[in-house]
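Engineer: If you scroll down you'll find the structure; I have some questions about it.
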Amino acid sequence: MLVGVCYRTRTKQVYGKMNHTKLREMMKKVLNNSFVLMGDFNFSGIDWNNSLCESTASEDCRLFLQWILFCAMLLGSFSDHSGPSA
C-alpha cells in the first residue's frame with residue numbers, strides 16, 4: 001500500500017509549469033499498486049460532490065479531475081473528503 005500526501009499551493013511561481021504533469025505522471029507510475037493519495041490540491045474549480053469541473057475551471061484542473069476519475073474507474077473506488085452523507 002502506497003500512501004501519498006500532497007499540498008498544491010495556488011502560487012504558480014512556487015509550483016512551476018510542469019508540476020501538474022509530474023503529479024499525473026507519478027500517479028500513472030503507482031497505478032498498478034494499491035495507493036491512497038490525499039491532500040489539499042487547491043483546485044477550487046472542482047465540484048467533488050458531482051465529480052465535475054465548473055465552466056471557469058483551468059485546464060490543469062480539468063486534467064486532474066479527469067485523471068482522478070480514470071484512476072477511480074480502473075481501481076473501482078473513489079472517495080472525497082466529505083465522509084458519509086447525513
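The values are calculated or read from the model by the stated rules, or taken from the named source; none is laboratory data. The model shown is predicted, which means the values in this text are computed figures rather than measured ones. Neighbour counts run over all protein chains shown; Cβ positions are idealised from the backbone, glycine included.
Engineer: Could we say that Leu23 is in contact (Cβ under 8 Å) with a residue 40 or more places away in the chain, closer than 28 Å to Gly76 by Cβ and either touching a strand residue (DSSP E or B) at 6+ places or on another chain (Cβ under 6 Å) or assigned to a loop (DSSP other than H, G, I, E, B) (or both) here? If you could, list the steps in order and put the result at the bottom.
Structural biologist: Numbers: in contact (Cβ under 8 Å) with a residue 40 or more places away in the chain: yes; closer than 28 Å to Gly76 by Cβ: yes; either touching a strand residue (DSSP E or B) at 6+ places or on another chain (Cβ under 6 Å) or assigned to a loop (DSSP other than H, G, I, E, B) (or both): no.
Here the answer is no, as Leu23 does not meet what is asked.
Engineer: While we're here: Could you tell me whether Phe43 is of a type outside the set (A, V, I, L, M), assigned to a loop (DSSP other than H, G, I, E, B), out of contact with any Lys or Arg (no Cβ under 7 Å at 6 or more places or on another chain) and modelled with pLDDT of 80 or more? Outline the logic, then answer.
Structural biologist: Numbers: of a type outside the set (A, V, I, L, M): yes; assigned to a loop (DSSP other than H, G, I, E, B): yes; out of contact with any Lys or Arg (no Cβ under 7 Å at 6 or more places or on another chain): yes; modelled with pLDDT of 80 or more: yes.
Criteria met by Phe43.
Engineer: List every residue pair whose Cβ atoms lie under 7 Å apart, where the two residues are 6 or more positions apart in sequence or sit on different chains, the first residue falls within region 47-63 and is touching a residue at least 40 places away in the same chain (Cβ under 8 Å), and the second residue, located anywhere, is surrounded by 13 or more Cβ atoms within 10 Å (Cβ to Cβ).
Structural biologist: Asp60/His20; Leu63/His20; Leu63/Arg24
Engineer: Can you tell me how many residues within region 7-20 are surrounded by fewer than 14 Cβ atoms within 10 Å (Cβ to Cβ) and touching a residue at least 12 places away in the same chain (Cβ under 8 Å)?
Structural biologist: Result for region 7-20: 3.
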